[in-house]
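Just below is one structure, and these are the notes that go with it.
The values are calculated or read from the model by the stated rules, or taken from the named source; none is laboratory data. Just so it is clear, the model here is predicted, and its values are computed rather than measured. Methodologically, a virtual Cβ is constructed for each residue, glycine included, from the backbone with ideal geometry; neighbour enumeration extends over all protein chains shown. Calculation scope for accessible area: heavy atoms of the full protein, side chains included, ligands and nucleic acids excluded. Shrake-Rupley method; radii C 1.70, N 1.55, O 1.52, S 1.80 Å.
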Amino acid sequence: MTFGLDETFFAFVALIIFIGLIAYLKVPGMMAKSLDDRADQIRNELAEAKRLREEAQHLLAEYQRKRKEAEAEAAHIVAAAEREADMLTTEARKKTEEFVANRTALSEQKIKQAEADAMKAVRSAAVDLAIAAAESVLAKKADGSVQSGLFNDAVKEVKTRLN
C-alpha cells in the first residue's frame, strides 16, 4: 500500500485545515454565543409575552368589572325609570279622576241649577196664570169698590213687606 498523493489525500488535508481554521477562529464559540444570544432573545420575548398576557388578563378583568358595574347601574336606572313611570301614571290617573269628578260635580250643579230655574219658571208661569185667572174672575164678580179695597190691601201688604 502506497500512499500516493491523490485527490483523497488532498481532500483529507483540506478537511484538517478547514477544521483547524474553524477551531482557530473560534467558530464553535461564536456559534454557541450566537445560539445563547438567540436563546436569551427568545427568553426575553417569552417574558415580555407573559407580561403582556398578564396585563391583558388584568385589563380584561377590569373591563369585565366595569361592564358588570355598568349593567348594574343600567338596571338601577331602568328600575328608577319604571318607578317614576308608575308614579307618573298613578298621579295622572289621580288627576284624571279628580278632573272627571270635578266635571261631574259641575255638570250636576248645572243640572240642579237648570232644574231650579225651570221650577222657578214653571212656578212663575203658574203664578202669572193664577193671577190672570183670579183677575179675570174678580173683574167679572167684583165691582169698583171691592176692586179698590183689594188693591189698597195689596199695596199695604207690599209696603209692610218692604219695610
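Within region 109-140, the set of residues being touching a helix residue (DSSP H, G or I) at 6+ places or on another chain (Cβ under 9 Å) and among the β-branched types (Val, Ile, Thr) is empty. Restricting attention to region 60-104, the residues that are among the polar types (S, T, N, Q) and either open to solvent by 100 Å² or more (accessible area, probe 1.4 Å) or in contact with a helix residue (DSSP H, G or I) (Cβ under 8 Å, 6 or more places away or on another chain) (or both) add up to 1. Within region 1-38, being in a loop (DSSP other than H, G, I, E, B) and either at pLDDT below 80 or not charged (D, E, K, R) (or both) holds for Met1, Thr2, Phe3, Gly4, Leu5, Leu25.
On the stretch given as region 138-163, residues that are modelled with pLDDT of 75 or more and open to solvent by 70 Å² or more (accessible area, probe 1.4 Å) total 11. Scan region 117-137 and tell me whether some residue there is within 54 Å of the chain's Cα centre (by Cα), surrounded by 10 or more Cβ atoms within 10 Å (Cβ to Cβ) and assigned to a helix (DSSP H, G or I). Yes, region 117-137 has at least one match.
You will find that of Leu25, Leu35, Leu46, Leu15, the residue that is more than 60 Å from the chain's Cα centre (by Cα) and open to solvent by 100 Å² or more (accessible area, probe 1.4 Å) is Leu35 and no other.
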